[in-house]
Amino acid sequence: MANTLKLEIVTPDRKVLSEEVEYVGAPGTLGEFGVLPSHVPFLSALGVGNLYFKQNGKAHYVFVAGGFAEVSNNQVTILAEVAEKATEIDHDRAHKAKARAEERTAAAKEKIDAARNQAALRRAVARINCAACGKSAGTC
């Protein structure tokens, strides 16, 4: 298909996704970026947040945390430390992780603990948002 590109999302544990898509939006460490077919090649570090892609006009969401994105030859390859499809996210577990991170942040006495807890909180909130986006009608 001329108006699509290949999206592959891989973690150290598994291949999360391999699909032909129309668009990919991802959280880079310096901000979000978007990729359409025939995009110029580039490499970006990934931040924590929601990667989304359009397939047959519908938006789909994947939570990603850390790793790299490579765009080349009409293909987007995501090598992520963590990646979960919105439909795979355990909403209750994510809310419990958020509550734990908030409690630890409030009780943190050292800057390292506070930074670690803030990162855990960002991941939990991003998972919750991703799960919510995956359940909505494609807008989030």
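List of remarks:
- Relative contact order (%) - criterion: Cα under 8 Å, at least six apart; region: the chain: 22
- Degrees between helix 91-107 axis and first principal axis of the chain (Cα, 0 to 90, nearest 10): 50
- Straightening the chain between Asn56 and Glu88 buys 9.4 nm, computed as 0.36 nm per residue apart minus the Cα-Cα spacing.
- Estimated [θ] at 222 nm from DSSP helical runs (n ≥ 4, -39500 (n - 2.57)) normalised by residues in the chain, nearest 500: -10500 deg cm²/dmol
- 12 Å beta-carbon shell around Gly66, net charge (K/R +1, D/E -1): +1
- As a length-normalised measure over Cα pairs under 8 Å and 6 or more apart, the relative contact order of the stretch 5-87 settles at 32 percent.
- The stretch 1-108: Rg to Rh, with Rh as the Kirkwood radius over Cα pairs: 1.04
- Cut-off 14 Å between beta-carbons: net charge of the residues surrounding Arg93, Lys and Arg +1, Asp and Glu -1: +1
- Gained length - Arg14 relative to Ser72, 0.36 nm times residue gap less alpha-carbon distance: 18.7 nm
- Spin-label model, Leu43/Asn3: points 7 Å from Cα along the beta carbon direction are separated by 3.3 nm.
- Set of aspartates and glutamates with alpha-carbon distance to Lys98 below 14 Å, sequence-local pairs under 8 removed: Asp90
- Net charge of the neighbourhood of Val125, taken over other residues with C-beta under 11 Å away and scored Lys/Arg +1, Asp/Glu -1, is +3.
Laboratory data are not the source of any read-out in this text; all were calculated from the coordinates shown. Quantities reported herein were computed from a predicted structural model and do not represent experimental measurements. All Cβ positions, even for glycine, are placed from backbone atoms using ideal geometry, and neighbour counts span all protein chains on display.
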